[in-house]
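The values are calculated or read from the model by the stated rules, or taken from the named source; none is laboratory data. Just so it is clear, the structure is predicted and the values come from calculations on it, not from any experiment. Here the Cβ is made from the backbone with ideal geometry for all residues, glycine too, and neighbour counts use every protein chain on show.
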Amino acid sequence: MFSDDEGDEDMLDAANQQGLAKAFTDDSEGEEVLEAEGEADEFGVDSDGEFEQGEEEDVEINVDSTVTNVLPSGQEVEAPSNVPPDIHISRTRIQEILNVLDDFSKYGEAGRSRSDYVAQLIADIANYYGYTEFLAGKLFELFSPREAIDFFEANEVPRPVTIRTNTLKTRRRNLAQALVNRGVNLKPIGNWTKVGLQIFDSQVPIGATPEYLAGHYIIQAASSFLPVIALAPQEKERVLDMAAAPGGKTTYISALMKNTGCVFANDANKARTKSLIANIHRLGCTNTVVCNYDAKEFPRVIGGFDRVLLDAPCSGTGVIAKDPSVKTSRNEKDFIDLPFLQKQLILAAIDSIDANSKTGGYIVYSTCSVTVDENEAVVDYALRKRPDVKLVETGLEFGVPGYTSFRGREFNHKLSLTRRYYPHTYNVDGFFVAKFKKMKAKEQKVNGTSTV
Amino acid sequence: MRPLTEDETKTMFEKLANYIGRNITHLINRPDDPHCFRLQKDRVYYVSENVMRYATSVGRVELMSLGLCIGKFTKTGKFRLHITSLEILAQYARYKIWIKPNGEMSYLYGNNVLKAHVGKMSDDIPEHSGVIVFAMNDIPMGFGVTAKSTADARRLDPTGIVAFRQGDIGEYLREEDTLFT
């Protein structure tokens with residue numbers, strides 16, 4: 001956006017623009033005549049910004065003045081409190097602040113700190129995308145500024161509709177053929193799964209075809225394949241799914257085990273067990289037991305499992321595209337209460353495992369949230385509280401490694417083995433997967449002496 | 001959760017026998033993986049003994065489902081098959097009716113099987129006997145009871161009813177609120 005003669009004008013402009021900006025702010029009424037939209041609350045700098053945005057392609061005379069004057073002055077911040085904020089101005093300013101943050105030492109306004117810009121950027125994001133400022137800030141701090149905008153943009157577009165073939169009843173090729181005959185346009189999701197199909201468009205409702213009713217597939221987000229792939233259940237094992245409804249993951253576990261062994265599907269919400277039972281029966285998973293406990297009651301109900309999947313209840317910040325109510329409904333208290341619950345659940349999950357299991361001894365913890373409080377912090381807590389578990393490779397081909405440190409908090413260095421998924425990088429829901437192995441008492445002792 | 005009483009077993013087996021006849025023995029005798037019938041609340045489940053043993057740890061109030069739900073006992077003591085039992089009914093079916101693709105949706109919306117929709121059917125089905133309904137590509141779609149014997153059905157006009165619907169997989173959507181607990 002910068003013309004090549006900017007270097008020459010740098011000095012001149014630096015001197016001029018301060019005065020210019022002042023003139024605009026003081027003489028706001030004169031400026032409004034010029035401005036097409038004529039917003040009463042918008043003063044010099046902002047309207048100047050808008051003006052720039054419109055003509056930046058050809059006229060770039062006072063480019064630098066926009067860059068350095070991106071932030072509103074004190075009185076402007078006060079002004080718009082009684083009128084609804086204008087999203088177009090927020091949008092423009094988001095772009096401008098991004099440009100400034102790209103090279104702060106060069107474009108930053110003298111006397112303004114980087115955090116001033118970031119604060120304004122978060123306020124604009126909250127305004128433009130409709131988040132509470134608290135949540136916008138929480139999500140913003142996970143990414144670099146540009147990536148954060150990609151993330152917020154990706155939350156505005158729906159993820160593709162995906163289905164999972166039920167290998168207990170059919171094969172993916174046969175299913176794809178049957179659906180194509182019904183006028184469904186589809187293709188395999190990717191190389192990482194042999195059972196997923198992505199639906200582009202369909203002439204029939206995809207949730208009511210005879211194949212659907214016969215249990216040949218289930219509509220399931222691509223991201224929720226991941227924890228089950230990581231869990232890698234084996235035939236004849238005993239597996240617990242602690243928060244199972246509506247059963248997408250449970251039925252996948254059952255299918256991978258080829259209906260052998262035993263799968264315990266638990267959900268704390270009785271109303272939701274209906275859809276869980278419906279899916280289990282429709283897909284013909286006969287090795288399941290469905291129960292309605294608070295998951296914290298495990299392992300008192302029954303323990304000694306070979307594998308446990310804990311897809312914990314979470315704030316849903318990874319699935320904002322699916323459920324936009326998250327944008328405004330989540331507050332600071334949620335990010336204290338939910339991690340508290342998740343920490344209790346993860347300990348219950350670990351305690352439900354049989355460390356001496358011949359084939360298993362694995363726990364997979366996953367959430368559809370992207371915040372560190374609900375993910376790395378919980379995993380780190382579990383590692384500290386239960387020295388007999390360790391993190392292992394998830395076995396997933398893609399994904400960003402989890403944070404080992406975040407804003408001054410240091411986590412176990414093994415947290416790089418966990419995997420994060422974002423809507424803007426993989427076009428799946430925001431997701432987090434960690435896989436633990438519970439060690440046998442003997443191994444544990446050896447491990448203990450070697451580290452001390 | 002408890003085993004069925006003698007009377008209950010008899011009622012249920014009589015019902016099952018309508019559809020799978022003597023093949024009931026195949027349900028009971030499975031030397032590789034012994035299965036059993038268990039009553040939980042008013043529902044009957046068909047489940048591997050292995051899984052059943054684990055399920056005994058779960059309390060009566062909290063146990064929502066196990067294995068495969070065959071159906072339920074009504075308050076009057078009759079036994080009603082649920083669509084969830086279709087998997088085993090289809091496997092051991094005695095009499096079968098296949099319906100053409102143009103009749104699939106009509107059947108899945110809960111209508112009876114019309115002559116015009118029948119693609120093929122087993123020979124020598126007597127009148128008023130249990131049948132399993134399949135799509136032409138052998139996907140089980142439901143079960144019902146014949147209105148006419150195979151011979152009589154041949155002479156039926158296209159809008160005549162060949163079989164009355166008793167259960168179809170469309171119930172997974174239509175009856176989701178009542179079918180499961």
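Taking the criterion of being aliphatic (A, V, I, L, M) and either within 14 Å of chain B (Cβ to nearest Cβ) or surrounded by fewer than 19 Cβ atoms within 10 Å (Cβ to Cβ) (or both), the residues of segment A:177-202 that qualify are A:ALA178, A:LEU179, A:VAL180, A:ILE199. Per the listing A:PHE140, A:PHE104, the residue uniquely crowded, with 16+ Cβ neighbours inside 10 Å and either in contact (Cβ under 8 Å) with a residue 12 or more places away in the chain or not assigned by TED's automatic domain parsing to the domain that holds A:PHE200 (or both) is A:PHE140.
Checked against the criterion of being touching a Lys or Arg at 6+ places or on another chain (Cβ under 7 Å) and outside the structural domain of A:TYR362 (by TED's automatic domain parsing), segment A:173-187 has no qualifying residue. Applying the criterion of at least 1 residues that are among the basic types (Lys, Arg) to the strands (runs of 3 or more DSSP E) found wholly in segment A:112-202 leaves A:161-165, A:184-188.
A count restricted to segment B:15-38 and to residues that are surrounded by 16 or more Cβ atoms within 10 Å (Cβ to Cβ) and assigned to a helix (DSSP H, G or I) stands at 8. If you go through segment A:309-355 and keep only what is assigned to a loop (DSSP other than H, G, I, E, B), in contact with a Ser or Thr (Cβ under 7 Å, 6 or more places away or on another chain), among the hydrophobic types (A, V, I, L, M, F, W, C) and farther than 20 Å from A:VAL263 by Cβ, you end up with just A:CYS314. Within segment B:72-109, the set of residues being farther than 28 Å from A:LYS274 by Cβ and of a type outside the set (A, V, I, L, M) comprises B:TYR92, B:ARG94, B:TYR95, B:LYS96, B:TRP98, B:LYS100, B:PRO101, B:ASN102, B:GLY103. Pairing each residue of segment B:136-147 that is on the phi < 0 side of the Ramachandran plot and more than 10 Å from chain A (Cβ to nearest Cβ) with any residue that is part of a loop (DSSP other than H, G, I, E, B) and crowded, with 18+ Cβ neighbours inside 10 Å, provided the two are 6+ apart or on different chains, yields C-beta distances under 8 Å for B:THR146/B:TYR95; B:THR146/B:ILE125.
Each residue in segment A:107-120 was checked for being touching a Gly at 6+ places or on another chain (Cβ under 8 Å) and crowded, with 19+ Cβ neighbours inside 10 Å, and 1 pass. Inside segment B:161-181, residues that are in contact with a strand residue (DSSP E or B) (Cβ under 7 Å, 6 or more places away or on another chain) and free of Cβ contacts under 8 Å to residues at least 60 places away in the same chain make up a count of 3. Note on segment B:31-46: residues that are away from chain A (no Cβ under 12 Å) and on the phi < 0 side of the Ramachandran plot total 7. Exactly one residue out of B:GLU49, B:GLU87 is over 12 Å from the mean Cα position of the chain (by Cα), without any contact (Cβ under 8 Å) to a residue 60 or more places away in the chain and either surrounded by 14 or more Cβ atoms within 10 Å (Cβ to Cβ) or within 14 Å of chain A (Cβ to nearest Cβ) (or both), and it is B:GLU49. If the condition is being surrounded by fewer than 21 Cβ atoms within 10 Å (Cβ to Cβ) and either touching a residue at least 12 places away in the same chain (Cβ under 8 Å) or assigned to a loop (DSSP other than H, G, I, E, B) (or both), then segment A:400-419 contributes A:VAL400, A:PRO401, A:TYR403, A:THR404, A:PHE406, A:ARG407, A:GLY408, A:ARG409, A:ASN412, A:LYS414, A:SER416, A:LEU417. Residues in segment B:5-23 include at least one that is assigned by TED's automatic domain parsing to the domain that holds B:LEU63, within 27 Å of B:VAL61 (Cβ to Cβ), touching a strand residue (DSSP E or B) at 6+ places or on another chain (Cβ under 8 Å) and of a type in the set (A, V, I, L, M, F, W, C).
Residue-level analysis places A:GLU374 among those that are in contact (Cβ under 8 Å) with a residue 60 or more places away in the chain and in contact with a Ser or Thr (Cβ under 6 Å, 6 or more places away or on another chain). Restricted to strands (runs of 3 or more DSSP E) entirely inside segment A:203-297, those with at least 1 residues that are crowded, with 22+ Cβ neighbours inside 10 Å, within 9 Å of chain B (Cβ to nearest Cβ) and over 25 Å from the mean Cα position of the chain (by Cα) are A:238-241, A:262-266, A:288-291. Annotation for segment B:41-53: at least one member residue is part of a helix (DSSP H, G or I) and either polar (S, T, N, Q) or not assigned by TED's automatic domain parsing to the domain that holds B:LYS15 (or both). Taking (1) without any contact (Cβ under 8 Å) to a residue 60 or more places away in the chain; (2) surrounded by 12 or more Cβ atoms within 10 Å (Cβ to Cβ); (3) within 14 Å of chain A (Cβ to nearest Cβ); (4) farther than 16 Å from A:THR288 by Cα in turn, B:VAL61 satisfies each apart from (2).
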